[in-house]
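The values are calculated or read from the model by the stated rules, or taken from the named source; none is laboratory data. What you are looking at is a predicted structure, and each value in this text was computed from that prediction instead of being measured. Neighbour counts run over all protein chains shown; Cβ positions are idealised from the backbone, glycine included.
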Amino acid sequence: MDIIDLLIQFNLTRQEASIYLTLLSEGDMNGYEVAKVTGISRSNTYTSLASLVDKGGAFTIEGPTTRYTPVPIEEFCENKIRNLQEKKQDIIKSIPHKRDEIEGYITIKGRSHILDKMRNMVKEAKERVYLSISETALQCILPEIRNAINRGIKMVLITNMSFSLEGATAYFTEKPQQQIRLIVDSTNVLTGDIDDGEHSTCLYSKKKNLIDLLKDSLKNEIRLIEMMKGENRT
């Protein structure tokens with residue numbers, strides 16, 4: 001994702017993002033200068049500059065000709081994030097009471113959505129986490145895993161590369177790169193394939209039969225790993 005696309009994530013249009021980057025690189029400019037450098041029509045430039053000011057990306061400098069100066073990128077991002085955090089709290093307070101969670105099998109598609117679900121499951125863990133995952137995917141959720149360990153959560157990891165993490169019990173075995181199995185607190189599970197980009201698909205469930213099935217599967221996998229270790233020592 002390039003810088004323009006990243007700025008669009010912060011509620012700027014493509015033209016506003018382009019103008020903001022121009023101001024950051026060139027410094028204070030008037031509308032005519034911005035239009036000349038960016039190649040955007042003057043009418044669209046002035047409209048985008050006014051909108052950029054409204055969105056907190058620039059300030060105006062009054063004078064014979066109005067000039068525009070960019071808000072520093074760190075300040076701009078922090079303001080946006082703080083505003084979203086405040087809105088998040090307002091939404092949480094106003095949201096209807098949560099219904100009982102669906103007891104069925106929920107399909108989650110797309111690598112990014114699956115990783116987000118894994119992060120949230122680990123973040124919400126209260127006692128223990130069992131995770132069988134490729135080392136590549138594991139790296140994507142390491143911050144959440146470390147935070148869970150720091151909270152005293154029991155962490156058991158099975159991965160396909162030799163791996164050591166303080167506070168976690170790690171097992172190494174050859175396994176399909178794309179396959180993941182995650183059990184949190186023996187109350188919810190996630191299983192499926194993750195390394196197929198946006199075609200990745202996983203099942204999430206709180207069904208006891210699936211939880212028990214995955215628990216037995218992981219126990220057997222760990223038992224087999226330990227047996228193989230014993231054979232290699234002899």
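Overview of results
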| quantity | calculated |
| --- | --- |
| Selected residue (only one of 193, 185 is among the charged types (D, E, K, R) and in contact with a Pro (Cβ under 9 Å, 6 or more places away or on another chain)) | 193 |
| Any hit, the stretch 85-96, residues being part of a helix (DSSP H, G or I) and among the aliphatic types (A, V, I, L, M) | yes |
| In the stretch 33-64, residue surrounded by the fewest Cβ atoms within 10 Å (Cβ to Cβ) [restricted to those that are free of Cβ contacts under 8 Å to residues at least 24 places away in the same chain and among the hydroxyl-bearing types (Ser, Thr, Tyr)] | 43 |
| Single residue of the stretch 9-31 satisfying the filter (free of Cβ contacts under 8 Å to residues at least 12 places away in the same chain and more than 16 Å from residue 77 (Cα to Cα)) that is farthest from the chain's Cα centre (by Cα) | 26 |
| Verdict on residue 211 being assigned by TED's automatic domain parsing to the domain that holds residue 117, within 20 Å of residue 108 (Cβ to Cβ) and more than 23 Å from the chain's Cα centre (by Cα) | yes |
| Yes/no for residue 7 being farther than 25 Å from residue 112 by Cβ and in a helix (DSSP H, G or I) | no |
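Per-residue answers, yes or no, for (1) modelled with pLDDT under 95; (2) over 30 Å from residue 112 (Cβ atoms):
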residue: 14; (1), (2): no, no
residue: 21; (1), (2): no, no
residue: 30; (1), (2): no, yes
residue: 34; (1), (2): no, yes
residue: 52; (1), (2): no, no
residue: 59; (1), (2): no, yes
residue: 74; (1), (2): no, no
residue: 85; (1), (2): yes, no
